[in-house]
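Only one structure is covered here, and it is reproduced in the block below.
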Amino acid sequence: MRIYQEKDYNAMSRRAAAVIAAQVVSKPDCVLGLATGSSPVGTYKQLIQWHEQGDLSFAEVCSVNLDEYYGLAPDHDQSYRYFMQTNLFDHVDIVPENTNVPSGLAKDPAEECARYEQVVRELGYADLQLLGMGRNGHIGFNEPCDCFPLATHLVDLTESTIEANARFFASANDVPRQALTMGIGTIMKARKILVVVSGEDKAEAVWKAFRGPIVPEVPASILQLHPDVTLVGDVSALSRLTEDHE
Ligand code: F6R
């Protein structure tokens, strides 16, 4: 595993963007697995800047997002489709038809999960999957549980995730209770994984994920079994990992 400890959120974002840009430059028609949340916002800003400078094109890229809230329309300002449009897609030259996010409005979520899994499979899975990590060690919306779910599926969000995401909604009551998410198996089939983490409140989850036992109670711990993981974090998020080496 490669670890980049950066001084702050901006430096973390530039480093993560450089890893993504290297992927796009070396394989312009790559499949990028993308994430939402506060961790990758700065990364997307940097990618947009390089695109605007003429240094980076997404014209041949296909994207697959990790997850979507179940019940939110694509134009709902808290949906993950809306997040991707406003934080990246609307500002770069990616072809809209080449961007994939699970549909939050599907009548039959099981059918939508099967369809989405097939889309990702037919694209050959992600060349590079970008991940944030929850404070409880979740990746995508794979919450701590007693098994590692393999394929795209519908999940009930835990109270801690609802609480963590309430900051984006008028109140915790407005946070959807379910989401569609790629499974751990779908994520692990990516050829490369890039994890971005910032802030003191992630330090324990990072330590458990990369130094603790591989257990489904800490979904991100499965990444220890992936052959190509790059972890980019700020000093606070990586503080416990680096303490290990002192
Ligand atoms: C987002 C996602 C989540 C977030 C995680 C961290 O698509 O799948 O796993 O990456 O909840 O969120 P932030 O970055 O807001 O701390």
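Computed values, structure above
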{"quantity": "Size of the range 84-150 as Cα extents on the principal axes (Å, biggest first)", "calculated": "41, 29, 25"}
{"quantity": "Accessible area of Thr242 in the full protein assembly, 1.4 Å probe (Å², nearest 10)", "calculated": "40"}
{"quantity": "Mean-position separation - Cα centroids, the range 106-183 and the range 58-79, in angstrom", "calculated": "12"}
{"quantity": "Of the DSSP H helices in the chain, those whose Cα atoms cover at least 20 Å axially and whose Kyte score averages 0.0 or more", "calculated": "9-26"}
{"quantity": "Residue (of Pro96, Thr230, Gly199) at the positive-pole extreme of the chain, dipole from beta-carbon charges", "calculated": "Thr230"}
{"quantity": "For the range 6-63, with +1 on Lys and Arg beta carbons and -1 on Asp and Glu, the positive-most of Pro28, Gln49, Met12 along the dipole", "calculated": "Met12"}
{"quantity": "Hits among lysines - C-alpha to C-alpha of Lys27 under 20 Å, sequence gap 8 or more where chains match", "calculated": "Lys189, Lys192"}
{"quantity": "Kirkwood-based shape ratio for the chain, expressed as Rg/Rh from alpha carbons", "calculated": "0.93"}
{"quantity": "Debye intensity ratio in log₁₀ form over the Cα atoms of the range 40-140, taken at each q of 0.18, 0.22, 0.24 Å⁻¹", "calculated": "-0.98, -1.37, -1.49"}
{"quantity": "Sum of side-chain charges, Ala59 neighbourhood, beta-carbon under 10 Å (Lys, Arg +1; Asp, Glu -1)", "calculated": "-3"}
{"quantity": "About the Cα centre, charge dipole magnitude for the range 15-121 (Lys/Arg +1, Asp/Glu -1 at Cβ), debye", "calculated": "320"}
{"quantity": "Distance cut-off 12 Å, percentage of C-alpha pairs in the range 1-61 lying past it", "calculated": "69"}
{"quantity": "Total charge dipole magnitude, the range 164-246, about the Cα centre, Cβ charges on Lys, Arg, Asp, Glu only, Debye to nearest 20", "calculated": "440"}
{"quantity": "Packing-based ranking, highest mean first, of 62-69, 42-49 given that Cβ atoms within 10 Å are counted", "calculated": "62-69, 42-49"}
{"quantity": "Computed over the range 52-156: relative contact order in percent, which uses C-alpha pairs under 8 Å that are six or more apart", "calculated": "26"}
{"quantity": "Normalised per residue, the volume of the convex hull around the Cα set of the range 97-204 (Å³)", "calculated": "129"}
{"quantity": "Rounded percent of accessible protein surface that carbon and sulfur make up, the range 1-91, 1.4 Å probe", "calculated": "48"}
{"quantity": "Charge-dipole axis of the range 109-194 as Lys and Arg at +1 and Asp and Glu at -1 on Cβ define it, positive-most pick from Cys145, Ala190, Ser171", "calculated": "Ala190"}
{"quantity": "Relative contact order, percent, the chain [alpha-carbon distance under 8 Å, six or more residues apart]", "calculated": "25"}
{"quantity": "Distance from the range 192-246 to the range 2-33 (C-alpha centre basis), Å", "calculated": "17"}
{"quantity": "Antiparallel bridge percentage (DSSP; both residues within the range 1-154; nearest 5)", "calculated": "10"}
{"quantity": "Taking N as its residue count, the alpha carbon Rg of the range 33-93 over 2.2 N^0.38 Å", "calculated": "1.14"}
{"quantity": "Most mobile of Pro216, Pro96, Pro176 in a GNM of the chain (Cα contacts under 10 Å)", "calculated": "Pro96"}
{"quantity": "Cβ-placed point charges (K, R +1; D, E -1), dipole of the chain about Cα centre in debye, nearest 20", "calculated": "500"}
{"quantity": "Where the chain is the region considered: accessible area per residue in Å², 1.4 Å probe", "calculated": "44"}
{"quantity": "CD proxy at 222 nm, helix term only [per DSSP H run n ≥ 4: -39500 (n - 2.57); per residue of the chain; nearest 500]", "calculated": "-9000 deg cm²/dmol"}
{"quantity": "The range 168-239: relative contact order in percent, alpha carbon pairs under 8 Å with at least 6 residues between", "calculated": "38"}
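The values are calculated or read from the model by the stated rules, or taken from the named source; none is laboratory data. Computed from a prediction, not measured in an experiment: that's the story for all the values here. No Cβ is skipped: glycine too gets one built from the backbone with ideal geometry, and neighbour counts run over all protein chains shown. Heads up: the accessible areas ignore ligands, DNA and RNA and are worked out on the full protein's heavy atoms, side chains in. Shrake-Rupley method; radii C 1.70, N 1.55, O 1.52, S 1.80 Å.
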